[in-house]
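Chemist: Dumping the structure here so I can ask a few things about it.
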Amino acid sequence: PLLLSGRVNASAHSRARELLATVGLSDPLTDQDIARGEQLTDGLPQSLAASIRFYGLRHFKLKVNGEPAHDADRLRKIAQVLQTECGGDFAFSMDGNEQFRSFAEFRQFWETLRADDALKGFLAKLLFVEQPLHRSIALNRSAAATLADWPERPPFIIDESDGELHSLPTALALGYDGTSHKNCKGVIKGIANRCLLEQRQRQQPVRPLLMSGEDLCNVGPVALLQDLAVCAALGIKSVERNGHHYNAGLAEFPRAVQEEILRSHFDLYHPSPAGWPTLTIERGRVALGSVNEAAFGVKSLLNTSQFTHADAWEWE
């Protein structure tokens, strides 16, 4: 799959963050690609092109699924949309999604892309490649040996492989250029990783080291805000956000929760055409003033008595 997700520039003191968009394998690239009967009527954009116009997106995350011919064709189509809608003002990351068996295999794919005239200018906008190898082999010395022999390679970071405290030090020793942060991987672990990257960057200033912010379809009124708060504290400059694209805002929450989030985080949310809170994205950015003002990202505690207990909840 190739994803359109939101990346957000996240400095603890800045009030605005750049949003990166996620494009799925079956996601329509233009409105003309939306099958009859599958058009959404929630007042929000559905295709990649419409999302760019609606939100002013300029950062993107593209996932590949390890099928070179299909991935290359999909990338050409996405490149055409981005170049048409954004001109030269865009950047993207590529998520290998653990789909490659070796760096030699990924290198062959990468060189094929570089030889494609339709993609040469597009690839110059790459930020980094995320987790091309499966987590079971990504940190094996033999699997990563190709990195040292590939001087003109793109930057690589780990994501799924970053499951232990020793994962990032191991990855850096093997030649990777950084890691990702998600709150689900541990807030304190994320802080430790950021400190390590800062220390190594000072020791080796000519080698750029990276920490990205990734998403697992986070939505408010708690998880999204707390994840943004940590990314801001870590100073991450590019954060994937896609919960606003694949969910109808906070429509599933009680009205009292919706009203409270609109009141306390008025810079981050606004009412959708249907009335439920949806993420406010302007010129490809989200504002984090209210998030950074709150001790843990959220200004008010939820009254959990209004929710169904997990033991009694059933999928409808």
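Computed from the coordinates by the stated procedures, all read-outs in this text should not be read as laboratory data. Please read all numbers here as calculations on a predicted model, not as lab measurements. FYI the Cβ positions are ideal-geometry reconstructions off the backbone, even for glycines, and counts take in every protein chain you see.
Chemist: What range in the chain is the longest one free of trypsin sites (Lys or Arg not before Pro) that are in a loop by DSSP and have at most 15 other Cβ atoms within 10 angstrom? The partial results should precede the final answer.
Modeler: Details: sites that count: 15, 36, 101, 135, 141, 283.
The longest such stretch corresponds to 142-282.
Chemist: Still on this structure, please answer the following. Taking the Cβ of each residue in 270, 166 as the centre, tally the other Cβ atoms inside 10 Å and list the residues starting with the fewest.
Modeler: Details: 270 14, 166 9.
By the 10 Å Cβ count, ascending: 166, 270.
Chemist: Can you grab the distance from the C-alpha centre of region 69-144 to the C-alpha centre of region 266-316, Å, no decimals?
Modeler: 33
Chemist: To continue, here is another question. If you filter region 136-167 for GluC sites (Glu not before Pro), then keep DSSP loop positions with at most 12 other Cβ within 10 Å, what is left?
Modeler: 152, 164
Chemist: Here's another thing I want to ask about it. Let me have the relative contact order for the chain, percent, based on Cα pairs under 8 Å that are six or more residues apart. Kindly include the intermediate steps, with their values, before the conclusion.
Modeler: Details: 584 pairs, mean separation 68.3, N = 316.
It comes to 22 percent, rounded to a whole number.
Chemist: Of the listed values (i) 61, 51, 42; (ii) 59, 56, 38; (iii) 58, 46, 39, identify the label whose number matches Cα extents along the principal axes in Å calculated from this model.
Modeler: Given (i) 61, 51, 42; (ii) 59, 56, 38; (iii) 58, 46, 39, the calculated one carries the label (iii).
Chemist: Considering the convex hull of the alpha carbon atoms of region 51-120, report its projected area averaged over all viewing directions, in nm², one decimal. All intermediate terms of the calculation are to be shown ahead of the outcome.
Modeler: Values: hull surface 19.0 nm².
Quarter of the Cα hull surface area: 4.8 nm².
Chemist: Next question. At a 10 Å Cβ-Cβ cut-off, how would you order 64, 129, fewest neighbours first? Each step should come with its number before you reach the end.
Modeler: Working: 64 26, 129 20.
The most exposed by this proxy come first: 129, 64.
Chemist: Give the share of C-alpha pairs in each 5 angstrom bin for region 79-140, from 0 to the last occupied bin, in whole percents, shortest bins first.
Modeler: For region 79-140, the binned pair fractions read 4, 16, 23, 22, 16, 11, 6, 2, 0 percent.
Chemist: Next question. For 267, 89, 177, what's the fewest-to-most ordering of other Cβ within 10 Å of each Cβ? Numbers along the way, then the final one.
Modeler: Numbers: 267 16, 89 10, 177 21.
Neighbour counts put them in this order, fewest first: 89, 267, 177.
Chemist: Right, next: Once the convex hull of the alpha carbons of region 163-316 is built, what does its volume come to per residue, in cubic angstrom? Could you put the intermediate results ahead of the total?
Modeler: Details: hull volume 22.9 nm³, N = 154.
Expressed per residue, the convex hull around the Cα atoms of region 163-316 is 149 Å³.
Chemist: Can you give me the P(r) profile for region 181-240? Cα pairs, bins 10 angstrom wide beginning at 0, each as a whole percent.
Modeler: So the P(r) values, bin by bin, are 23, 51, 20, 5, 0.
Chemist: So what is Rg over Rh here for region 234-295, counting just Cα atoms and using Kirkwood for Rh? Could the numbers behind the result be given before it?
Modeler: On the way: Rg = 12.1 Å, Rh = 12.5 Å.
Across region 234-295, the Cα-based Rg/Rh ratio is 0.97.
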